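Visitor: Structure provided below as structure tokens; questions to follow.
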Amino acid sequence: MLEALRQAEKAFRKNEVPIGAVIVKNGRVIARGFNKREKTQNALFHAEIIAINKACKKLKSWRLDGCDLYVTLEPCPMCSGAICNARIDKVIYATSETTSHDGLCEMILSSTRLNHKTLLVHDEKYQQECAYLLSEFFKSKRNKKT
């Protein structure tokens with residue numbers, strides 16, 4: 001998770017929403033990603049999607065069996081769908097999405113409509129650091145508007 005936090009800090013420095021993700025297989029980081037929506041002007045460039053894309057290229061497969069994804073913020077519905085489709089075994093996230101308390105991420109990751117179920121784990125060890133980075137980012141955006 002510490003490496004995912006480093007990725008989020010990179011995003012913060014680049015004026016992107018500070019979310020970072022890493023994919024681990026057999027105890028080794030095989031892919032990293034951070035949000036790049038502003039740079040690319042592409043709504044799809046979330047940290048998780050970037051990390052999944054890099055992992056698929058590295059493993060030369062769209063199936064990421066045996067991989068775990070560490071992410072600083074609970075995945076959105078788009079990323080949750082991509083995680084399931086990539087066959088990632090487990091998602092470990094640091095802080096919960098504050099705007100949604102409906103369990104949508106978990107519903108998608110465990111949906112019977114999909115061929116794969118992904119375990120969702122809330123690891124609170126770096127929750128404060130990840131939440132602080134997000135709140136500072138959005139606070140700076142609000143301050144620029146006033």
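The values are calculated or read from the model by the stated rules, or taken from the named source; none is laboratory data. In this text, all values refer to a predicted model and were calculated from it rather than measured experimentally. As a convention, Cβ positions derive from the backbone with ideal geometry for all residues, glycine included, and neighbour counts pool all protein chains shown. Surface areas here come from the heavy atoms of the whole protein model, side chains and all, with no ligands, DNA or RNA. Shrake-Rupley method; radii C 1.70, N 1.55, O 1.52, S 1.80 Å.
Visitor: Run down the aspartates and glutamates and flag those whose C-alpha is under 20 Å from the C-alpha of K60, throwing out any fewer than 8 positions away in its chain.
Guide: E48, D68, D89
Visitor: What percent does the relative contact order of the range 21-146 come to when contacts are Cα pairs within less than 8 Å and at least six residues apart?
Guide: Values: 213 pairs, mean separation 24.7, N = 126.
Normalised by residue count, the contact order of the range 21-146 is 20 percent.
Visitor: How many nm is it between the label spots at K58 and Q127, if each spot is 7 Å from the Cα in line with the beta carbon?
Guide: Result for the modelled spin labels: 2.8 nm.
Visitor: When the accessible area of the range 1-145 is computed with all protein chains present and a 1.4 Å probe, what percentage of it is carbon and sulfur?
Guide: Carbon and sulfur together cover 50 percent of it.
Visitor: Against the longest alpha carbon principal axis of the chain, how many degrees, from 0 to 90 and to the nearest 10, is the axis of helix 2-13 turned?
Guide: Relative to the chain, helix 2-13 is tipped by roughly 40 degrees.
Visitor: Need one value: the accessible area of K57 in square angstrom, 1.4 angstrom probe, rounded to the nearest 10.
Guide: About 140 Å², rounded to the nearest 10.
Visitor: Something else: When the helix-only estimate is applied to the chain (DSSP H runs of n ≥ 4, each -39,500 (n - 2.57), divided by the residue count), what is the mean residue ellipticity at 222 nm, nearest 500 deg cm²/dmol?
Guide: Numbers: 6 runs with 63 residues, N = 146.
The helix-only estimate for the chain comes to -13000 deg cm²/dmol at 222 nm.
Visitor: Sticking with this one: Quick one: Cα centre-to-centre distance for the range 49-97 and the range 101-146, in angstrom?
Guide: 13
Visitor: A further question on this structure: Just flag the trypsin sites (Lys or Arg not before Pro) in the range 86-146 sitting in loop per DSSP whose Cβ has no more than 15 other Cβ atoms within 10 Å. Can you show the working numbers first?
Guide: On the way: sites: R87, K90, R113, K117, K125, K139, K141, R142, K144, K145; in loops: R87, R113, K117.
Sparse-neighbourhood loop trypsin sites (Lys or Arg not before Pro): R113, K117.
Visitor: How far, in degrees from 0 to 90, does helix 127-145 lean away from the longest principal axis of the Cα atoms of the chain, to the nearest 10?
Guide: Approximately 50 degrees, to the nearest ten.
Visitor: Hey, another quick one. How far is helix 47-59 tilted off the main Cα axis of the chain, in degrees rounded to 10, range 0 to 90?
Guide: 40
Visitor: So how strong a dipole does the chain carry about its Cα centre when Lys and Arg Cβ are +1 and Asp and Glu Cβ are -1, to the nearest 20 debye?
Guide: The dipole magnitude comes to about 780 debye.
Visitor: Past 30 Å, Cα to Cα: identify those pairs from K10/K57; K36/K90; K58/K141; K39/K117; K10/K58; K10/K90, in the order given.
Guide: Listed pairs above 30 Å: K58/K141; K39/K117.
Visitor: Would you work out which of H122, I92, G27 lies farthest towards the positive end of the dipole of the chain, given +1 charges on the beta-carbon of Lys and Arg and -1 on that of Asp and Glu, about the Cα centre?
Guide: Selected residue: G27.
Visitor: Can you tell me the accessible area per residue over the range 1-98, all protein chains present, probe 1.4 angstrom, in square angstrom? Working shown, then result.
Guide: On the way: 4670 Å² over 98 residues.
For the range 1-98, the solvent-accessible area averages 48 Å² per residue.
Visitor: In the full protein assembly as shown, how much of T99 is accessible to a 1.4 Å probe, in Å² to the nearest 10?
Guide: 120
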